[in-house]
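Engineer: Before anything else, here's the structure in question.
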Amino acid sequence: MTLDAIDRKILKQLIKNARTPFLEIARDCGISGAAIHQRIRKLNESGVICGSRLIVDPRMLGFDVCAYIGIRIESAKDLDATQEALQNIPEIVECHFITGSYSLFVKLYCLDNDHLMQVINTLQSIPGVASTETRISLKETLHRQVYVDCLKD
């Protein structure tokens, strides 16, 4: 799908606040509310918009440890089974298949260091996992959506 200036303006507003009323977006874009509905529907159907979500602050729920773990797998044949096993660990909120010295890189939230240690032990017991390396985030200093202003018509 090719995005024009209006599509980018719509995305910019929805990224800033997914609850922005369509009529407010329509006024800002200078087009009708029906046109905004149609454009947002097309953005959804094309997969540009993958949904909207409620964002919860993990620390407010008592998850005081955010960690990133690099996972090395023993063999490429173990990748699918390892990824499937990772889906059963609820503390993991992101998993990426990456280049470099790790095969997978996960982000997770734990209540405390003891809880993190339990999760690490669980990870290391997955068949096919050769090793793990953990990094603890002390503070998140930046979190944002993708930058849409750089896209061209």
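The values are calculated or read from the model by the stated rules, or taken from the named source; none is laboratory data. Predicted, not measured: the structure shown is a model, and the values here were computed from it. Here the Cβ is made from the backbone with ideal geometry for all residues, glycine too, and neighbour counts use every protein chain on show. Areas reflect the complete protein model, heavy atoms only, side chains present, ligands, DNA and RNA absent. Shrake-Rupley method; radii C 1.70, N 1.55, O 1.52, S 1.80 Å.
Engineer: In square angstrom, what is the accessible area per residue of the chain with a 1.4 angstrom probe?
Structural biologist: Value returned for the chain: 69 Å² of accessible area per residue.
Engineer: Counting only protein chains, not ligands or nucleic acids, how are 146, 48, 65 ordered by accessible area (probe 1.4 Å), most first?
Structural biologist: 146, 48, 65
Engineer: With θ set to phi - 60°, apply the Karplus curve 6.51 cos²θ - 1.76 cosθ + 1.60 along region 67-75 and write out the HN-Hα couplings as whole Hz, x wherever there is a Gly or Pro.
Structural biologist: Once θ is set to phi - 60°, the couplings for region 67-75 become 9, 10, 10, x, 10, 9, 9, 5, 8 Hz.
Engineer: Can you compute the radius of gyration and Dmax for region 1-64, using only the Cα atoms, both in Å?
Structural biologist: 14.3, 46
Engineer: Scan region 66-153 for GluC sites (Glu not before Pro) in coil per DSSP, keeping those whose Cβ has at most 11 other Cβ atoms within 10 Å, and list them by number.
Structural biologist: Passing both the DSSP loop test and the Cβ count: 140.
Engineer: Where does region 34-95 land on Rg(C-alpha)/(2.2 N^0.38 Å)?
Structural biologist: 1.71
Engineer: For the chain, modelled as a GNM with alpha-carbon contacts under 10 angstrom, which of 66, 110, 29 fluctuates the most?
Structural biologist: 29
Engineer: A further question follows. How about residue 9: which aspartates and glutamates have a C-alpha closer than 14 Å to its C-alpha, ignoring those fewer than 8 places off in the same chain?
Structural biologist: Within the straight-line limit of under 14 Å, residue 9 reaches these aspartates and glutamates: 24, 28, 149, 153.
Engineer: Give, as a single signed number, the net charge of other residues whose beta carbon lies under 14 Å from the beta carbon of residue 33, with Lys and Arg counted +1 and Asp and Glu -1.
Structural biologist: Its environment carries a net charge of +1.
Engineer: Give me the tail of P(r) for region 81-153 as a percent: Cα-Cα pairs with distance above 18 Å.
Structural biologist: 48 percent
Engineer: Can you compute 3J(HN,Hα) from phi for each residue in region 95-110, using the Karplus curve 6.51 cos²θ - 1.76 cosθ + 1.60 with θ = phi - 60°, rounded to whole Hz and x for Gly and Pro?
Structural biologist: Per residue, the Karplus-derived 3J(HN,Hα) values read 9, 10, 8, 10, 8, x, 7, 9, 8, 10, 9, 10, 10, 8, 10, 10 Hz.
Engineer: How long is the gain from residue 118 to residue 6 if the chain were fully straight, where each residue apart is worth 0.36 nm and the alpha carbon distance is subtracted?
Structural biologist: Gain in length upon complete extension: 35.5 nm.
Engineer: Something else about it: Angle between the Cα long axis of helix 33-45 and the longest principal axis of the chain, 0 to 90 degrees, nearest 10?
Structural biologist: Once rounded, one gets 30 degrees.
Engineer: Dipole of the chain, Cα-centred, from +1 at each Lys and Arg C-beta and -1 at each Asp and Glu C-beta, to the nearest 20 debye?
Structural biologist: So the magnitude is around 740 debye.
Engineer: State, in angstrom, two size descriptors of region 28-153 derived from its alpha carbons: Rg to one decimal place and Dmax to the nearest whole number.
Structural biologist: Reported Rg and Dmax, both Å: 19.2, 57.
Engineer: Follow-up question, since we're still on this one. To the nearest 500 deg cm²/dmol, what mean residue ellipticity at 222 nm is calculated for the chain from DSSP H runs of n ≥ 4 alone, each contributing -39,500 (n - 2.57), summed and divided by the residues?
Structural biologist: -10500 deg cm²/dmol
Engineer: Oh, and also: Using a probe of 1.4 angstrom, how much of the accessible area of region 52-153 is carbon and sulfur, in percent?
Structural biologist: Carbon plus sulfur share of accessible area: 53 percent.
Engineer: Excluding the sites themselves, what is the longest stretch of the chain that contains no trypsin sites (Lys or Arg not before Pro) in a DSSP loop with at most 13 other C-beta atoms within 10 Å?
Structural biologist: That would be 54-138.
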